[in-house]
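The values are calculated or read from the model by the stated rules, or taken from the named source; none is laboratory data. A quick note: this is a predicted structure, and the numbers were derived from the prediction, not measured. Cβ coordinates were reconstructed from backbone atoms using ideal geometry, including for glycine residues, and neighbour counts include every protein chain displayed. The accessibility values were calculated without ligands, DNA or RNA, using every heavy atom of the protein model including side chains. Shrake-Rupley method; radii C 1.70, N 1.55, O 1.52, S 1.80 Å.
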Amino acid sequence: MSTPISTVVKVASTPDQAKIYVAMLEAAGIPAFIDGNSSVDEFAMSQRLLNVSDVRVMVPTEAVERAMDVLKPAEIDADDLARQAMEAADDPDAEREA
């Protein structure tokens, strides 16, 4: 069985988020690209413009482990985020917007 040339290392929820991941990877010296970024398919373009579909960030297969280490700080723990929101809601000294 052959090894693929590139592998999905992260799935972003928006094109802008994917661009940030690509920038982080390239800053670490890892070549990265957004899957289907050069697609001229009308349907694919409309999905991307409307942010309807997830965006796959690709790296060379041999760089997957290193890429995952680079992107680790960008991960958001949903439970931790919810806990922080609850703590902020319970804090009477927290600034509140009208």
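Quick notes
- Taking each residue as 0.36 nm, the span from I20 to K72 lengthens on full extension beyond its C-alpha to C-alpha distance by 17.4 nm.
- Close amide H partners of T14, meaning residues 5 or more places away or on another chain with modelled amide H under 5 Å apart, are V55.
- Net lengthening on full extension, L81/T61 (0.36 nm per residue, minus Cα-Cα): 4.1 nm
- Surface accessible to a 1.4 Å probe, L25 within the full protein complex, Å²: 0
- Extending 7 Å from the Cα toward the beta-carbon at both A27 and D90 defines two label points whose distance is 3.4 nm.
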